[in-house]
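Report on the structure given below.
The values are calculated or read from the model by the stated rules, or taken from the named source; none is laboratory data. Worth saying up front: this structure is predicted, and the values here are computed from it rather than measured. Backbone-built Cβ (ideal geometry, glycine too); neighbour counts: all protein chains shown. To get the accessible areas, we keep the full protein, side chains included, count just its heavy atoms, and leave off ligands, DNA and RNA. Shrake-Rupley method; radii C 1.70, N 1.55, O 1.52, S 1.80 Å.
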Protein chains: 2
Amino acid sequence: MLKILPLGGTGTVTKNMYVYEYLKGGKVIDRLIVDCGIGFPDEEMLGVDLLIPDASYLFGKEKTIRGLFLTHGHDDHIAGLPYILPQLNRNIPIFASKLTAGFAENTLEDFGIKKKIQAIDDNQIINLGNFAIETISVTHSVPDTKHLIIRTPEGILYHGTDFKFDWTPVDGKKPDLQKMAQVGQEGILCLLTDCLRVEKDGYSLSESSLRDGLVREARGVKGKLIVTTMSSNIHRIQQAVDVAAEFGRKTVFIGRSVEQNVRVAERLGFLRLPKNMIIAKKQAKKLPPQKTCLIVAGSQGQIDSSLARMSKNEYLLAQIRPGDKVVFAADPIPGNEKAVYQVIDNFIKLGASVSYHDIYDDLHVSGHASAGELSLFLTLLKPRYVMPIGATFRQMSHFRDIAKPLGFDKKDFFLLEEGQFLEVERGQAKKGEKIKLKTIIVDGLGIGDVGKIILAERRKMANNGMAIAIIPVSEKSGRVVGQPEIITRGFVFVRDAQELLADAGRLVGTIAPQGTKITNWKEAKEKIVTQLTQLFFTETQREPLVLAMMVKIN
Amino acid sequence: MLKILPLGGTGTVTKNMYVYEYLKGGKVIDRLIVDCGIGFPDEEMLGVDLLIPDASYLFGKEKTIRGLFLTHGHDDHIAGLPYILPQLNRNIPIFASKLTAGFAENTLEDFGIKKKIQAIDDNQIINLGNFAIETISVTHSVPDTKHLIIRTPEGILYHGTDFKFDWTPVDGKKPDLQKMAQVGQEGILCLLTDCLRVEKDGYSLSESSLRDGLVREARGVKGKLIVTTMSSNIHRIQQAVDVAAEFGRKTVFIGRSVEQNVRVAERLGFLRLPKNMIIAKKQAKKLPPQKTCLIVAGSQGQIDSSLARMSKNEYLLAQIRPGDKVVFAADPIPGNEKAVYQVIDNFIKLGASVSYHDIYDDLHVSGHASAGELSLFLTLLKPRYVMPIGATFRQMSHFRDIAKPLGFDKKDFFLLEEGQFLEVERGQAKKGEKIKLKTIIVDGLGIGDVGKIILAERRKMANNGMAIAIIPVSEKSGRVVGQPEIITRGFVFVRDAQELLADAGRLVGTIAPQGTKITNWKEAKEKIVTQLTQLFFTETQREPLVLAMMVKIN
């Protein structure tokens, strides 16, 4: 019997992590983990850095974990490792393609974790207990992305991570249709597959189609040529460097993520930098602007990115001047639009010309398969069951809809929530039990300590600030020994709100009058909070976080 | 001499408000205001309800204000009235087209302000001092939108508010090209014009092109048909009602804004509701679902909207069931994507089928002119000068770029920031002085009291919560008379942070030890705040708002 458990990645797109289990006599004897990514907080999770999958289900089961496979080098597939690996067992063997291994080792190193990841290629078969895993080359917005064929005594599983069918990839490494056809012919019991872009009809464009747009952008630019894209998109960076070189521009890489990824990709042979056409940051200023191309991190408008700083001329090594051109070779991810527009507006105000998605639609292509490609994929693989992954519920549901005319029945599709098991036995799949998963928040150094209560407090303070009533109480006598103090922040403009705050002080004074001994402090506190909240709402229509605190004095 | 002053609407899209001034002998003798809209807070303005233009420049100048024109019924053009009119003078005559007047009166009434707005039509000339104003019909996403021809002794100004060229508008009232051609022939000195959609090539589609999509959506729906759109888009509502009626469905309007706008539009003859095909909310439940169409407010995923509540089955009069269909006949406005997607996902989880922008591109058309229409507009009007309005800086700048091949020089275009005067004298325009405008925030009942400091406090508390150190001090002796108390909210999970908070308490105790008399409290407070901030950052990598408060006891 087989079990498949998504710990992340179904319904939330990011924080991808999947557990495959092989059972014998009702007992799990082998476990295989695929991917270990981070997630991104939604707008309600104020101040949160990132999310990681809740791996607590695996705690204590380390002995059965035969290995961990990483499918590709995006953060939502690998960047959970530094958090989760130490929670499990640092000695779990990890496998990945060459570039993915390079990126993942780098990610671990950033956290001081030295760990060799086993780089494998498509010719190898990795035997892990009852699982025999083979990789299969596909194309995506990061090179060296792999699908996994997972052979088990119960049948073949196919882990179809993020991909598209690019017939003319920049590095010439095409998706391995032949191997797909072959494993489809063998018979796939269950296909897990990316369907993030299923809402788009037809076929996604080839990454190499960007070249023409980049050439158009580079032509006739009088000043610096500045290109920004996702820093893991090595092929786009390759094309930008090549186009720059054709126009006699030397390239400089700016921004931690771009610099780091370029270094790894070049070392491993995934990026070919033209000789003498790459310069260091400090050299760039010495060249005439029309001889330089800056590839800069921050295409999503990230507030601390090099690009955002450059757009405000706060980046000292490259001052923006009229004649410079900024090319956004990446669409904003939904939710990032305002930040991206802010950066664009900043650049234009400095006199730079900016090319971006609203004006040109040929400066970005998606790395995910559209509906046409997914139809091809299903037709090629002929899986018995399909489990959509890496997408929201609406996308998984739409995928099921478009698979109907291809001959897939509604009950062949399993739309699983995170924590929901899929059980496969004797060729039949069915939903199993559902375990409760926590939203594990990383905030600063804290992993998992920020929960619902803290977020609710932050939300309340974000919207209306806070107000605290402080009541001094004698430790010995238990009596109120002073006037209550009302402190507010983020609520009202204190200078203009003297009257309101005096009213608030008086109100607290009537509930906890000076000199009296309050016998039930809990009750008094609740009364103060309720009545202050009411007073503030009536007077301002705002609802700050209200606290009542007793300070003991000797 | 003429002066034009944007108080809002240039660079920020919303909170449109423009002042036209006519001067004689260096003195302004007549002022005309066009529009008075609200703006929307950006993501950094936590908890803010809305923004209004800073009209303080006009305070004390009421006697010269001859009148106020409203161009169309969108909130970013009219909804500032209830805030700003009382600040100026309630007796200023206000003019608008019939529907715009109806919407504006309604908006004022919501704030208890009874004010008759003078409904005018295109045949009238309104003389206000040295200004003679005529309206000119255009098409937009709200009916009865008007451009203004403003004749002055210095020349003709053309106020081209939000519009597009719709040759087949739903109500048959086409843009008045003839009148445009005629005034262009007379000679326009300065054209102020919408250019929000200039980044799109070609021509925007007609509103009536939506019909086919709505018919496709209505066909074969087994349950309720639910349509959501912008509540001021009366023509889209008209089409939804008509299509529903054709399919034998009776329509019910749900949501305050939709109900209110429908009421006004119907009363004034801008919406023709088919007889016996409109039902009240309570009746809807009695009809079989396949006989009903619900037109519901909340197309932007607004958290408190009827649609959002319906998507969680919290709306009691209409429970969502499999077979129901929800049609989003409105694209998300940038920034609202996540909220809209949340609502879509909710509906799909309840088993409803949902049609939205990622799947169909024929369920929404823009109300703004694309680049092709703007080229036509410039060619027809032949203005001497152009001042783009109602758009961001990048759009105004792009408009200037595309006007170049039409024969407009860079110096014919004035890209003004809010508060920047344009001066026109003897046929020549030039930038004038720039006045400083405040960002006026409406938050609850407060207008303008929430400023930079409060917002900065909210932001800090939103990201990392707050921590307060409270030190009890004797009023008489001035000595510290108790242990410091550390209170936090939204910062750390208190139960797990005992050690950190104890450390913090000890730290405060060393700076303000019990029994000692602190001579310089300001210095002591600063020291406490600095050192606590440092301690917290080292231990958690978080930066809460840190306060030190002394509580006096007798």
On each of the three principal axes the extent of the alpha-carbon atoms of the protein assembly as shown, given in whole Å and largest first, is 92, 80, 77
With +1 on the Cβ of every Lys and Arg and -1 on the Cβ of every Asp and Glu, the dipole magnitude of chain A about its Cα centre, in debye rounded to the nearest 20, is 1120
When the charge dipole of the protein assembly as shown is computed with +1 on Lys and Arg Cβ and -1 on Asp and Glu Cβ about the Cα centre, the Cα farthest towards its positive end, among A:513, A:228, B:60, belongs to A:513
Residues from the range B:322-361 losing no less than 30 square angstrom of accessible surface in the full protein assembly compared with the chain alone, 1.4 angstrom probe, ligands and nucleic acids excluded, are B:334, B:335, B:337, B:338, B:341, B:345, B:348, B:349, B:356, B:358, B:359
SASA check, residue B:21, accessible area w/ 1.4 Å probe, all protein chains in place, rounded to nearest 10 Å², comes out at 0
The answer for the per residue Cα convex hull volume of the range A:403-554, in Å³, is 239
Projected area averaged over all directions for the convex hull of the alpha carbon atoms of the range A:238-344, nm², comes out at 6.9
Diffing the range B:171-184: the Karplus 3J(HN,Hα) column from phi (6.51, -1.76, 1.60, θ = phi - 60°), in whole Hz with x for Gly and Pro, holds 8, x, 8, 7, x, 7, 4, 4, 5, 4, 4, 5, 5, x
log10 I(q)/I(0) for the range A:232-284, Debye formula on C-alpha points only (no solvent), q = 0.14, 0.20, 0.21, 0.23 Å⁻¹, two decimals, reads -0.31, -0.66, -0.74, -0.89
Its Cα gyration tensor gives the range A:338-395 an equivalent ellipsoid whose semi-axes in whole Å, largest first, are 39, 14, 6
Taking Cα atoms only, helix B:452-464 is inclined relative to the longest principal axis of chain B by an angle, in degrees rounded to 10, of 70
Distances in nm between the label point of residue A:505 (7 Å along Cα→Cβ) and its equivalents in the other copies, shortest first, are 2.8
Of A:283-290, A:235-242, B:104-111, ordering from highest average Cβ density within 10 Å down gives A:235-242, B:104-111, A:283-290
In the structure shown, of B:224/B:282; A:15/A:98; B:224/B:285; B:3/B:61; A:411/A:431; B:291/B:312, the pairs separated by more than 18 angstrom at the C-alpha atoms are A:15/A:98; B:291/B:312
Rg from C-alpha atoms of the range B:145-185, normalised by the globular rule of thumb 2.2 N^0.38 Å, equals 1.31
Taking every other residue with Cβ under 14 Å from the Cβ of residue A:378 and scoring Lys and Arg +1, Asp and Glu -1, one gets -1
By the Kirkwood definition, with r running over pairs of different Cα atoms, the range B:374-443 has a hydrodynamic radius in Å of 13.6
Result for chain A: accessible area per residue, probe 1.4 angstrom, in square angstrom, of 40
Diffusion coefficient in µm²/s returned for the range A:402-457 by Stokes-Einstein, Kirkwood Rh over C-alpha pairs, 25 °C and 0.890 mPa s, is 166
Here chain A gives, from Cα atoms, an Rg and Dmax in Å of 28.3, 87
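Any idea what the dipole of the range A:2-50 comes to, in debye rounded to 20, about its Cα centre with Lys/Arg Cβ at +1 and Asp/Glu Cβ at -1?
Working: 5 positive and 7 negative charges, 107 e Å.
Dipole size: approximately 520 debye.
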proj_area_mean for the range B:297-371 (convex hull on C-alpha atoms), units nm², value 5.4
Across all Cα atoms of the range A:50-170, Rg and the largest Cα-Cα distance (Dmax), in Å, are 14.5, 46
Mean shadow area (nm²) of the C-alpha convex hull around the range B:271-403 is 11.4
Hydrodynamic radius by Kirkwood for the range A:1-63, inverse mean 1/r across distinct Cα pairs, in Å, is 13.0
So the carbon and sulfur contribution to the accessible area of the range B:447-546, 1.4 Å probe, in percent, is 49
Helix A:98-110 sits off the longest principal axis of the Cα atoms of chain A, rounded to the nearest 10 on a 0 to 90 degree scale, by 20
Short to long, in 10 Å steps from zero, the percent of alpha-carbon pairs of the range A:185-275 per bin is 13, 37, 27, 16, 6, 1
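Given an 8 Å cut-off on Cα distances and at least 6 residues of separation, report the relative contact order of the range B:10-124 as a percent.
22
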P(r) over all Cα-Cα pairs of the range B:114-250, 5 Å bins from 0 to the longest distance, whole percent per bin, short to long, reads 2, 9, 15, 17, 16, 13, 10, 8, 5, 3, 2, 1, 0
Using alpha-carbon coordinates alone, the radius of gyration and Dmax of the range A:485-525 in Å work out to 12.4, 36
Expressed as a whole-number percentage, the relative contact order of the range A:237-314 with C-alpha contacts under 8 angstrom and at least six residues apart is 38
Here, the range A:312-465 modelled as identical Cα point scatterers in vacuum has Debye log10 I(q)/I(0) at q = 0.12, 0.13, 0.17 Å⁻¹ of -0.90, -0.96, -1.07
Counting sequence-distant residues (5 or more places) and residues on other chains, those with an amide H built under 5 Å from that of residue B:318 are none
For residue B:476, counting only lysines whose alpha-carbon sits under 23 Å away and dropping same-chain residues fewer than eight positions off, the answer is A:476, A:517, A:552, B:517, B:522, B:525, B:552
Buried accessible area between B and A, both sides, 1.4 Å probe, in Å² rounded to 100, is 5800
Whole-percent tail of the Cα-Cα distance distribution for the range B:457-543, cut at 20 Å, equals 34
Whole-Hz Karplus couplings 3J(HN,Hα) for the range B:361-374, θ = phi - 60° and coefficients 6.51, -1.76, 1.60, Gly and Pro as x, run 9, 10, 9, 8, 10, 6, x, 10, 6, 7, 4, x, 5, 5
